[in-house]
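Report on the structure given below.
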Amino acid sequence: MTPPPEKPQHPTGPHPAEPAPATTARAAAKDAAEGVRSAPRPDPRPTDQRHPVAWLTITAPPNRTTPTARSQCACGRDLFAAGQQRALALIADHEQHRTTCPFINPAAPSTGRTAA
């Protein structure tokens with residue numbers, strides 16, 4: 001009977017399938033080649049500091065399924081309605097909220113305590 005074949009010896013270094021560790025120069029060149037920005041991006045807001053604070057999302061599928069509406073605001077408001085009548089009521093409520101919310105309209109009367 002013949003002896004079994006010897007098992008191959010594994011090298012002690014990195015596995016051939018693993019990539020070699022990248023140097024910082026190689027990593028920077030790779031980032032530049034892939035279009036990765038290395039500097040922080042500028043603020044996307046316009047210079048007059050306007051930015052969205054209230055969102056109204058309406059979904060009305062064409063195949064007669066249930067319409068939905070979602071009203072969100074920077075003040076923490078996040079309401080959802082499903083169904084035609086409820087969605088219409090939420091849309092009207094969102095318009096009313098835009099006139100009374102202090103985040104949107106700083107001149108709006110606040111609902112908190114008043115000073116004596």
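Values in this text are rule-based calculations from the coordinates and carry no lab data. These numbers come from a predicted model, not from an experiment. Glycine gets a Cβ as well: all are built from the backbone with ideal geometry, and neighbour counts include every protein chain shown.
Residues whose amide H comes within less than 5 Å of that of TRP55, counting only those at least five positions distant or on another chain, are GLN72, CYS73 (H built at 1.01 Å from N in the peptide plane).
Remark: spin-label model distance GLU95-LEU56 equals 0.6 nm, labels positioned 7 Å along the Cα→Cβ axis.
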